[in-house]
Structure formats: C-alpha cells, structure tokens
C-alpha cells in the first residue's frame, strides 16, 4: 500500500478510474441491448427477460463463487470479469452482422454478463481495505458511491444519444474498449498481504474444503452480532423499495399526470442526492455506522410513505432528493461494516451472502407490488412499502446491537469471526 495520509494514492486512483469506466461500459451494455431487443421486435418478453438476467444471476452465484477467492487474487477476479464482458459485447454485434441474433442467444450471453458480477462486485469491495489505510476506508467507500451515481447517470444519457445517432447494435461496440481499459487499469493495482504464514495456513486448514467455506459464509453472517441484523434490515429495505423501482413511472404518469421528462428529472434529483451525501461522508468521520445505516433506511421509508400518500409534484422531488441521499447513507456504512468487522479472506463471501439474501427481495417485491397496484393504486403500494421499512428500522434499533455498535465493536467482531 502506498504511503501518505490521503485516499488518493495510485492504487486507489487506479481502482477508482477502473470502476467508473466499468460502470460506463455496464450502462452502455445493458441499455444498448435493451433497445436492440425493442428495435428487433422482441417486445415486452425480451425486455423482461433481459432485466431478469441482468440482476438475478450475480446475486445468486455470488456465494457459490466467492469461496474460491483468495485475498491476493482479488484483482485478477475483477480483471477476468471485465475481460469476459468485453468478449461478450464483441460477440453480440459480430453475430448480428452475420445474421444470427435469436432472443435465446442474446439472453444467454447477457446471463453470463450478469454472472461475472458475482465475482467482480465482492472482489472490488474487499479490495478497498487492502489499498487504503484503515481510517480512510469510509472515505474511500463514500467517494466511490457518490462518483458512481453521477457517472451512471451521465453514461445512460450519453448512451441514449449514441443509440439515436448510430444505432443500438453499433453502440454495443463501444463497450469493448471500455471493458478492456477497465481491466487494464486493474492490473496496475499492487498490494502486499503482510501476515503470519503459519497462522494463515492453520486458518485455511480450519476453513477446510470448498463446501465448508461455502457454509462458512452463511454461518458468519448468522453468528455475527452486527452483520446479521444488517442483513435482516437489507431484506426489509429492498422489499420496501421494490414497489418504487417498479411503479414510479406508472405513479408519475397515472396519479401525478406527469410525463417521461418528469421521470428523468426525478432520476437526476435522486443521483444528485446520492452524490451530495456521498461527498459529505467523504469529509465527515462516522463512529456508529450501524446507526447511520438504519437511520438512512428509516428516512428512505419516510420518503416512500410521503411520496405515495401525497400526490404533490414538489414533494416528489424532495422525496427523490432524500432517496438519493439515503442510497449513499446505506451503501457506504454497509460496505465499511463488512470491511472492518470480517477477516480479509471472508469478506468477498460475506458480501455475496448478504447481497443474495437481500437482492432476491427486489424482484419478489416488484412482483407483489405490481399486482397490488392494480387493486389499491401505485401510490398506496409505494407508501405501504415505506411504512414497512420504517417499522423494520425501529425494530432493528430497539432489539439488536446494530445501531449501538461503534468502530471498536466492529474490530472485536472481526476477532470473534476468526474463531467461527
């Protein structure tokens, strides 16, 4: 790790640049394929399948892949994930120009595209503590989170312009050099693992075979006094936010008499809130990450509730700003808690287990919310989701240690996790 007392050392800079280039490539990949399916007449079935395979595989495969990860090979998992995505985004247009682009083929390749996230995302989160000082981990996470939202928004906007200008299939070719650049930057990251070789060998022996390591990830989350309630609240939070993700456009159109421009402005406002809170967290040092995490969830729930119960456009924009802020206020402490309270070797798997447990609630919540909206209306369903998140947050604060945990408690939990 580089010397100095700033997060902007060369290793973090390489990771930062690689991640933002990769996010740009991801936005281009998903959006160009989405519009390609629409232009090719694949309709709602094609786009629905695309959204499903773009999300679920990486959530479900994460706990299966991460037991294979070693601390000294994290960047290579990220490198090969980028390389795989680059290859896929080159295969699709080549096959199309040669007259071969059936729906099943495109969906299969996008399923593999999503599956690579099962290795990239846990590895990238686990890499940060290896390349920045312990007291700068929160700042590094905050910088990443705030920057990602701005870049993602800019990338989606630019992608739309490019698709209109040159076509959806032609635009997919742009993703190939972007993924290659991201992969190349990762290779410049250099870090050393200083540890007692004998102690590490004993720990590896204790963790045992692949199946034991697979079970270990779930066992660690279940026995962890801080991560277990965090995972439980993630379930309620994602279940509550799913109706907003699925129904926001319908709500704006049908109950607020808005149009796509209003919907786009809402997304811009949300990204702005995420950037601003991320910027604040990069400047302010937090001691009780769990309290920040749960409080942000309660505020998010309140924003959903207010939005769903009051069909006033100004309130919607205020709620969107609050929602954006809570995205950073939830993700930054979540990543920091995992990085500070779990052993290096276990971090990728623990991250994947929590992601799997919580992320599968999004399609479930969207499905339930969609059916409920036809009966009660989109606004009431969004508000009910917010109420669930508020009540769950209050319960977590009252009955678990998550809200009370300090930085020293995270370090103690890390020591206890080694005994599991």
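The values are calculated or read from the model by the stated rules, or taken from the named source; none is laboratory data. Since the model is a prediction, treat every value here as computed from it, not as a measurement. In this analysis, Cβ positions are derived from the backbone assuming ideal geometry, glycine residues included, and neighbour counts consider all displayed protein chains.
In the range 180-203, of all residues being at pLDDT 75 or above and assigned to a helix (DSSP H, G or I), the one that is farthest from residue 11 (Cα to Cα) corresponds to 180.
So which of 24, 71 is modelled with pLDDT under 85 and in the same structural domain as residue 148 (by TED's automatic domain parsing)? Answer to the check: 71. Number of residues in the range 56-76 that are surrounded by fewer than 18 Cβ atoms within 10 Å (Cβ to Cβ) and not in a helix (DSSP H, G or I): the value is 1.
I'd like to check something: does the range 33-41 contain any residue that is at pLDDT below 90, over 21 Å from the mean Cα position of the chain (by Cα) and on the phi > 0 side of the Ramachandran plot? Yes: the range 33-41 contains one or more residues that are at pLDDT below 90, over 21 Å from the mean Cα position of the chain (by Cα) and on the phi > 0 side of the Ramachandran plot. Being surrounded by fewer than 24 Cβ atoms within 10 Å (Cβ to Cβ) and under 20 Å from the mean Cα position of the chain (by Cα) is the filter; apply it to the range 294-306 and report the residue that is farthest from residue 317 (Cα to Cα). Per the criteria, the residue is 295.
The residues listed here are 318, 291, 364; of these, the one that is without any contact (Cβ under 8 Å) to a residue 24 or more places away in the chain and surrounded by fewer than 21 Cβ atoms within 10 Å (Cβ to Cβ) is 318.
Within the range 367-395, being crowded, with 21+ Cβ neighbours inside 10 Å and within 22 Å of the chain's Cα centre (by Cα) holds for 369, 382, 385, 386, 389, 392, 393.
If I ask for residues that are part of a helix (DSSP H, G or I) and either closer than 25 Å to residue 81 by Cβ or modelled with pLDDT under 80 (or both), which ones from the range 164-179 would you list?
Within the range 164-179, 168, 169, 170, 171, 172, 175, 176, 177, 178, 179 qualify.
Is it the case that the range 127-144 has a residue that's without any contact (Cβ under 8 Å) to a residue 24 or more places away in the chain and either farther than 30 Å from residue 334 by Cα or outside any helix (DSSP H, G or I) (or both)? Taking every residue of the range 127-144 in turn, none turns out to be without any contact (Cβ under 8 Å) to a residue 24 or more places away in the chain and either farther than 30 Å from residue 334 by Cα or outside any helix (DSSP H, G or I) (or both). The residue that is surrounded by the fewest Cβ atoms within 10 Å (Cβ to Cβ), counting only those in the range 101-126 that are modelled with pLDDT of 85 or more and not in a helix (DSSP H, G or I), is 102.
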